[in-house]
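S.K.: Dropping the structure in here first, questions after.
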Amino acid sequence: MAPPVNLKQSSSSSSAAQTLTTTTAHDARLLVRETLRISAGLASAPPDSSPSSLPLVSGAGLEASRKLGLVEDEFVSSSLRLICCEELDGRRWQYVAESDPSGRSFKKGSFRALSLQTPQVPYDGMMAFVRSYVVPEGFPDSVTPSYVPYMTWRALKHFFGGAMGVFTTQTLLGSVGVSRNRATPGAVAINWILKDGAGRVGKMLFARQGKKFDYDLKQLRFAGDLLMELGAGVELATAAVPHLFLPLACAANVVKNVAAVTSTSTRTPIYKAFAKGENIGDVTAKGECVGNIADLLGTGMSILISKRNPSLVMTFALLSCGYVFSSYQEVKSVVLHTLNRARFTVAVESFLKTGRVPSLKEGNKNENIFSFPWLKDRHVVLGPRFKDAFQDPGAYLAIEPFFEREKYIVTYNPSKDQVYALLKDQAKSDDILKAAFHAHVLSYFINSSSGGRLTSQKQRKDGNLNTVPTPVDLEAHIAESCKIVSTSYGLFKHKAAEQGWTMSESLLNPGRARLC
């Protein structure tokens with residue numbers, strides 16, 4: 001507790017200070033009341049630069065400061081005057097100086113700083129030191145609530161990754177030494193350099209997928225971690241076939257460098273989602289520090305385990321399962337405000353079924369992490385080629401009148417069981433969002449009908465396409481979807497904005513094809 005400070009210059013200063021420092025409950029209340037009164041008096045007092053107008057520091061405050069080692073014994077009985085107060089990182093100080101006998105100036109070398117906090121115990125000091133490395137400044141108010149679970153799973157993932165790194169490195173070093181009979185140091189070095197060079201080439205080639213890192217961020221992040229484990233498994237395989245060290249090591253390094261590009265490219269958007277202010281750099285630095293600490297701990301544990309020569313297969317299986325599970329939970333814990341393809345599907349389906357748009361946390365939780373961008377089984381395709389959407393010109397001419405006033409056309413191809421949203425050349429940002437919404441509405445109607453997706457899939461599997469939706473049924477579905485979209489699209493956008501969602505057509509991955 002801060003030592004009581006008496007800021008009055010009247011003759012009753014000493015007696016008031018002694019009274020305020022008693023430990024009874026009544027005197028404690030008086031202390032608080034007197035402090036508030038003095039503070040209010042200082043706030044309303046006119047400025048005066050003369051030393052005599054500066055308040056005196058009470059004897060009790062000096063005695064407490066002397067015990068803390070802040071004021072020497074010779075100053076305890078002297079007359080120190082308060083100069084100003086200061087606060088930094090939650091800690092407060094008072095700056096005082098001793099006046100000379102005339103009261104018009106200060107003695108040379110008498111300027112002192114008095115801390116208003118008691119010194120921290122060693123444990124608290126150590127925890128404050130650790131927090132300065134692992135959590136952003138101002139935590140927890142400076143980050144979103146999802147920061148803690150994300151960093152917890154991230155640390156666990158890096159722990160397993162660091163442990164795995166010891167075994168893969170040990171295996172590679174052993175394999176490269178026996179990949180050739182009587183391998184010379186030069187041959188070993190060449191093999192290692194070729195392995196690293198192949199990885200760099202793979203990193204450069206995968207960089208062209210840059211835009212996908214924005215709209216399928218979570219999916220690619222998890223896919224990158226899966227590739228990292230695949231690369232580790234290939235590296236461990238070199239122990240069984242050391243004569244194939246170079247091709248296996250090159251392939252593993254290519255895969256792991258692709259995973260590294262994915263991790264690096266998706267890192268900033270994730271940290272940006274945690275930052276509440278202009279503290280992305282601080283959040284990023286602390287997040288990487290947590291990962292490095294966990295990596296070092298995992299490495300140390302793995303070194304101790306490796307000395308006992310454990311089963312390589314069993315060790316890899318356990319560490320790999322821990323790594324993949326932690327990676328999945330890490331990605332699932334991220335709460336993003338943007339509506340990409342997967343989250344847009346969750347939001348629209350919830351709106352059509354319940355009339356409400358899910359919250360940020362609910363929408364991110366229900367997002368499908370396994371819908372990777374290179375998969376072709378998407379039921380809704382935005383911006384496709386004309387030849388993919390229509391089997392013949394008659395199908396296009398039949399539904400084109402429904403979209404005369406729109407900048408898009410939505411249709412369904414029963415042979416591929418996919419709904420297509422074709423964009424016209426004049427389509428703007430809101431038109432693209434509306435086209436995506438309309439495509440999901442049409443998909444919902446088709447899936448709810450007897451000739452919908454599940455039925456057509458079973459029929460295609462049996463080689464029977466005789467009962468797929470007829471053109472008349474398709475036109476009826478499209479007409480019904482147009483009515484629903486005209487009345488509900490604005491309401492959907494309003495409810496999405498209320499929940500905090502940010503709608504951007506660029507994250508829906510629209511194709512480049514446009515109808516002229």
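S.K.: Describe numerically, in nm with one decimal, the distance between label points set 7 Å from Cα along Cα→Cβ at Ile305 and at Asp430.
M.R.: 5.7
S.K.: Next question. Compute the Cα gyration tensor for segment 314-404, then decide on rounded, prolate or oblate, letting a ≥ b ≥ c be the square roots of its eigenvalues: rounded whenever a/c is under 1.5, prolate when a/b is larger than b/c in the other cases, and oblate in all that remain.
M.R.: oblate
S.K.: Under 1.5 on a/c is rounded, so check that first for segment 213-343, then, if it is not, pick prolate when a/b is larger than b/c and oblate when it is not; a ≥ b ≥ c are the square roots of the alpha carbon gyration tensor eigenvalues.
M.R.: Prolate, since a/c reaches 1.5 and a/b exceeds b/c.
S.K.: Apply the Karplus curve 6.51 cos²θ - 1.76 cosθ + 1.60, θ = phi - 60°, to the phi angles in segment 157-163 and return the couplings in whole Hz, x for Gly and Pro.
M.R.: Rounded to whole hertz, the list is 5, 5, 5, 5, x, x, 5.
S.K.: On to the next question. Give the long-range amide H neighbours of Tyr412: residues separated by 5 or more places, or on another chain, with amide H under 5 Å away, using H modelled in the peptide plane at 1.01 Å from N.
M.R.: Tyr420
S.K.: Output wanted: per-residue J couplings in Hz (rounded whole) for segment 235-242, from phi through Karplus 6.51 cos²θ - 1.76 cosθ + 1.60, θ = phi - 60°, x for Gly and Pro.
M.R.: 4, 5, 5, 5, 5, 7, 10, x
S.K.: Loop-only trypsin sites (Lys or Arg not before Pro) in segment 253-315, please: DSSP not H, G, I, E or B, and at most 15 other Cβ atoms within 10 Å.
M.R.: Qualifying residues, ordered by number: Lys276, Lys307, Arg308.
S.K.: Ok, one more. Taking R0 as 35 Å, what FRET efficiency do you get between Ser263 and Glu137 from their Cβ-Cβ distance, rounded to the nearest 0.05?
M.R.: For R0 = 35 Å, the calculated efficiency reads 0.90.
S.K.: What pairs from Lys157/Lys332; Lys157/Lys286; Lys276/Lys434; Lys218/Lys416; Lys434/Lys495; Lys157/Lys272 go past 25 Å between their alpha carbons?
M.R.: Check vs 25 Å cut-off fails for Lys276/Lys434; Lys218/Lys416.
S.K.: Further, regarding this structure: Using θ = phi - 60° and the Karplus form 6.51 cos²θ - 1.76 cosθ + 1.60, what ³J(HN,Hα) does each residue of segment 430-436 get, whole Hz, x for Gly and Pro?
M.R.: 5, 5, 5, 5, 5, 4, 5
S.K.: For Ala342, what is the net charge nearby, where nearby means another residue's Cβ is under 9 Å from its Cβ and Lys, Arg count +1, Asp, Glu -1?
M.R.: +1
S.K.: Calculate log10 I(q)/I(0) of segment 353-434 for q = 0.11, 0.19, 0.20 Å⁻¹, where I(q) comes from the Debye formula with a single equal point scatterer on each Cα and nothing for solvent.
M.R.: -0.41, -0.99, -1.04
We did not get these values from a lab; they are worked out from the coordinates using the rules stated. What you see is a predicted model; the values in this text were computed from it and never measured. Note that each Cβ is placed from the backbone with ideal geometry, even for glycine, and that neighbours are counted across all protein chains shown.
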